[in-house]
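Report on the structure given below.
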Amino acid sequence: MKRRNFLTLVGVASASAWGAGFGGFRFSLSPIPGDPYPKCNQIPSYDKPLDKGARIVYKSFFPNLNVDTARETSFSTQCYNCISWTLGITDDWVWPLGQVGGDTSVADFDAFYQKHGITRATDATADIALWGQTTPSGHVSATHGSIVSHAPLWESKLGLYIRMRHGKDDLVGEQYGKIIAYYKKDATATQKLLATRQKLLSSRQPLSLNEYQKINQAVKKLPLRMQQTFDHLYTRWQQKWFDGAYAIDSNPYTRRRIGEYQMLIDLGAEMGEAILPLVVSRMVSPENIFGIVLYDELQKNPRLKAGYGDDFNVIEGEVSRALLSAKKYITTFL
């Protein structure tokens, strides 16, 4: 099938919107009004019943949810996701491996948790429950993580949405599937993990003004039509990151299923490496938490990616990984 020419097909993006931000970058597309950036390390905990609207919303996602006993324990925010919360992290999204294919297995989570003192357990001794679904090919793909809270109740950060205390099996259904594994933390696992994470983050250098300027200069060299086309498609993709069931989905790579994502990949095939400055200009902003997904697929040089290996630890989070990838890419500029 003949590839569509996106540079002529999509030429309606707002040029004025492109310039709204530092050096031409757009920094204000958070999908949640009032999302508490940059105060993600000040997430409150509380306890209150679900109001009428919340009962309707969450019952629609989770038919088995007992809305009379479920409790809201913190507000909606894109600061962190369910896996972050299983580790005590509230300032970034965490998801093991970040496979381009999007599926993360139980074995992947076993390795991820074990590295940080969290090992497989039984239902009776568990601190964490891993949820998953069976794909059409028979592969079990992880979807969610929850923690014990005021046993026998459990607690979940529901993707973008609230943190909720609920019955152990209240979330069983089409969205998360069912519990597929249990894990237990050793007595000091969380303390050690957070200390390790803080040390790692402290060793990272933020993007400098000079690095921002290099990205901006690379963007400005591109024809305006290219910039507008990319901006239009990216904005439409981003606007759907939390639509419908995506709102409770913590796996960054499921956003590859959104139609505009494939359009961006096709645009990348047409533009070649010229598209990369545009991608990097977006993903260096914290609210662009899934921009790294696009970069991972479009960047063909593995040395210019922050993978989960010797130079990056998954507990640092996706925002941190995006910044490190950006730094690696900027080293290619003259």
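The values are calculated or read from the model by the stated rules, or taken from the named source; none is laboratory data. On a predicted model such as this, the values are computed, not experimentally measured, just so you know. Using ideal geometry, Cβ is built from the backbone for each residue, glycine included, and neighbour counts are taken over all protein chains shown.
Each row is one residue, and each column tells you yes or no for (1) in contact with a Lys or Arg (Cβ under 9 Å, 6 or more places away or on another chain); (2) within 26 Å of Ser84 (Cα to Cα); (3) buried (at least 22 other Cβ atoms within 10 Å of the Cβ).
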| residue | (1), (2), (3) |
| --- | --- |
| Arg256 | no, yes, no |
| Gly259 | yes, no, no |
| Ile265 | yes, no, no |
| Arg282 | yes, yes, yes |
| Leu294 | yes, yes, yes |
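Does Thr188 satisfy being surrounded by 20 or more Cβ atoms within 10 Å (Cβ to Cβ), over 30 Å from Thr69 (Cβ atoms), among the polar types (S, T, N, Q) and touching a Gly at 6+ places or on another chain (Cβ under 9 Å)? Reasoning before the result, please.
Values: surrounded by 20 or more Cβ atoms within 10 Å (Cβ to Cβ): no; over 30 Å from Thr69 (Cβ atoms): yes; among the polar types (S, T, N, Q): yes; touching a Gly at 6+ places or on another chain (Cβ under 9 Å): yes.
So Thr188 fails the test.
Within region 236-252, the residues that satisfy the criterion of being buried (at least 20 other Cβ atoms within 10 Å of the Cβ) and either in a helix (DSSP H, G or I) or of a type in the set (D, E, K, R) (or both) are Trp237, Gln238, Ile248, Asp249, Pro252. Assess whether Glu155 counts as being without any contact (Cβ under 8 Å) to a residue 12 or more places away in the chain and under 24 Å from Lys59 (Cβ atoms). When the stated conditions are applied, Glu155 does not pass them. Considered as a group, the residues in region 157-183 that are surrounded by 18 or more Cβ atoms within 10 Å (Cβ to Cβ) and among the basic types (Lys, Arg) include one that is farthest from the chain's Cα centre (by Cα), and that residue is Arg165. From the list Leu201, Leu233, the one residue that fits, being surrounded by 19 or more Cβ atoms within 10 Å (Cβ to Cβ) and among the aliphatic types (A, V, I, L, M), is Leu233.
Please return the ranges of strands (runs of 3 or more DSSP E) entirely within region 125-230 where 2 or more residues are modelled with pLDDT under 95. Can you show your working first?
Details: elements: 128-134, 140-148, 154-157, 163-166, 178-185.
Ranges flagged: 128-134, 140-148.
Quick check on region 222-245. Is at least one of its residues closer than 23 Å to Ser76 by Cα, in contact (Cβ under 8 Å) with a residue 12 or more places away in the chain and β-branched (Val, Ile, Thr)? Yes, some residue in region 222-245 is closer than 23 Å to Ser76 by Cα, in contact (Cβ under 8 Å) with a residue 12 or more places away in the chain and β-branched (Val, Ile, Thr). Scanning region 285-319 for residues that are in a helix (DSSP H, G or I) and within 22 Å of Tyr261 (Cβ to Cβ) yields Gly291, Ile292, Val293, Leu294, Tyr295, Asp296, Glu297, Leu298, Pro302, Leu304, Glu318, Val319.
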